[in-house]
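Take a look at the structure below.
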């Protein structure tokens, strides 16, 4: 897991926990006897220490090493043409994959929770596959199917479509590894919601389309938003699968994490740290956007 | 509009929820579907609404056969047991929903919503969210929402089940008056016979997926067509195969040729009504319902031996 990924997932998890807690959930800790206070404080201390060791220190070190000689060297490093290209390629992948997987994830969640088809549990297993399979294996599998010697490789090449060592293959790899997040975050929320309000919408004359947009989606939006945050973080940070299908061609198929790796291997630590900081900042920006959105909508709505 | 249900059956796995049910509800009537839990009353209501589809049979609303129509084209207002509010919408938007999905002009929507909010006495609460309403207010919001698109029929699933006793009483009274005002054909489901007797003009008694009897509350009480109906509607004493109403048992100070001896086991004062538990000479226990005046005249006390005149018992084959 890259540092940016860890940075993205950690605080998001904490924020979500805060949102999901019912009021008064902390009351168990609020009795003010001395023993309870000690217990509470030591629990806080342990939790903070753990977070610091796991997240805070490494991320802080990266920032420190990046800017230890001032802003100029770091700025120069990240404005290299290859770095800029890697940045935009990563953004492009996220821009393609996140909407795709959001739609697919909501669709899968609806099938699993509202559908009546057989084999729903099988679908659940398939959705979890990307969690279980190492990204490297995903990359290899894609290579086997779409590569020059693969099943569709020749046919695709004959029609002038190059999947492997180009953006389509990287989109496939990124989409595969980040598929489960939206579905997994949305399914429990859909389950919790139940079907009453959707049935109420139907008796009031709403079509399934209107019911989805006006009743279901607003009710499950927090699950979806959280899924989107995780999907974005995963897509931004993906290394293994993309590393194999991209061929890591500098200035062409190098994403930001691949660029970090490349700089690091070439003893350009300033370049590596600076690019890593950019990755981390992208992840922070995702989180900040989401929590801003969350704040604004929760001001409009009491749920 | 009148509702006709013909030969409707519904099974869930091996459980038969409805077994060839026929019901007719007159245009403009306020009808209760009454039965114990598992009797199929909610399933029947959901089939009429189009929220479940029957395995056999048909549903006719007015002169339209709607069996194959989806819920949204049936012209049915439905109030769910737990109200099913749209939690992310204000009270106003909840009530307006059935109008805005039909793309009605804004001014017309506003007028209709405010008309309904004042009908259900939620005038000042248009901007609130469901989480800020009490149970009774949610109930009334759900009702206004269901009525907004001017449905041909109004269906309510256990409408008072989730409310505390006092609010329930008020809402019953209020539903009856609302029905007098708007005269929409209304069916509500309940397991509470007193509620059904109190609110409904017609009662359909259901048991184990079948209709036991349909009629006015008075009919059902006075002329129950079978043992289930008699024992489900109103209190009964059971003497072997025979059923007696407790208030039909007369207690007299002196015996005559038409009475039997009865030992007073217990006297329970329930306000106006006094419940007298008796043991007959053959050792069987029954109870009688008398007024407090009668109880005072007889100076009822435990251990007393009195004369009881039993009514002709009803025996159902």
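Since every read-out is calculated from the coordinates, none of them should be taken as a lab result. None of these values were measured; they are calculated from a predicted model. A quick note on method: Cβ atoms are made from the backbone with ideal geometry, for glycine too, and the neighbour counts reach across all protein chains shown.
Brief remarks on what is shown
- Helix B:135-147 axis versus longest C-alpha principal axis of chain B: approximately 60°, rounded to the nearest ten.
- When you restrict to C-alpha pairs under 8 Å that are six or more residues apart and normalise by the size of the range B:63-191, the relative contact order lands at 34 percent.
- Taking the longest Cα principal axis of chain B as reference, the axis of helix B:165-182 is set at about 60 degrees.
- Model label points for residue B:127 and residue A:281, set 7 angstrom from Cα along the Cα-to-Cβ axis, are 4.2 nm apart.
- Pairwise centroid distance, computed over Cα atoms, of the range A:100-126 with the range A:206-244, Å: 13
- Relative contact order (%) - criterion: Cα under 8 Å, at least six apart; region: the range B:155-291: 13
- Extension gain from residue B:180 to residue B:297, taking 0.36 nm per residue of separation minus the Cα-Cα distance: 37.9 nm
- Taking 12 Å as the cut-off, the amide N atoms of the range B:193-222 that come nearer than this to a point 7 Å along the Cα-to-beta-carbon line of residue B:248 belong to B:221-222.
- Volume per residue of the C-alpha convex hull in the protein assembly as shown, rounded to whole Å³: 257
- Gaussian network model of chain B, springs between alpha carbon atoms under 10 Å - residue of B:283, B:35, B:209 with greatest fluctuation: B:283
- Max mean-square fluctuation residue, GNM over chain A, Cα-Cα springs under 10 Å, options A:283, A:157, A:272: A:157
- Estimated inter-spin distance, residue B:104 and residue A:266, nm [label 7 Å along Cα→Cβ]: 6.8
- For chain A, modelled as a GNM whose springs connect Cα atoms under 10 angstrom apart, the maximal fluctuation among A:228, A:137, A:97 occurs at A:137.
- Principal-axis analysis of the Cα atoms of chain B puts helix B:91-100 at an angle of about 60° to the longest axis.
- Computed lengthening from residue B:55 to residue B:267, 0.36 nm per intervening residue step minus Cα-Cα distance: 71.1 nm
- The modelled label-to-label distance between residue B:134 and residue B:111, using points 7 Å beyond Cα along the C-beta direction, is 3.3 nm.
- When you restrict to C-alpha pairs under 8 Å that are six or more residues apart and normalise by the size of chain B, the relative contact order lands at 18 percent.
- FRET efficiency, residue B:225 to residue A:103 (Cβ-Cβ, R0 41 Å, nearest 0.05): 0.10
- Relative compactness, chain B, computed as alpha-carbon Rg over 2.2 N^0.38 Å: 1.21
- Whole-Å distance, taken between Cα centres, linking the range B:268-288 and the range B:105-173: 44
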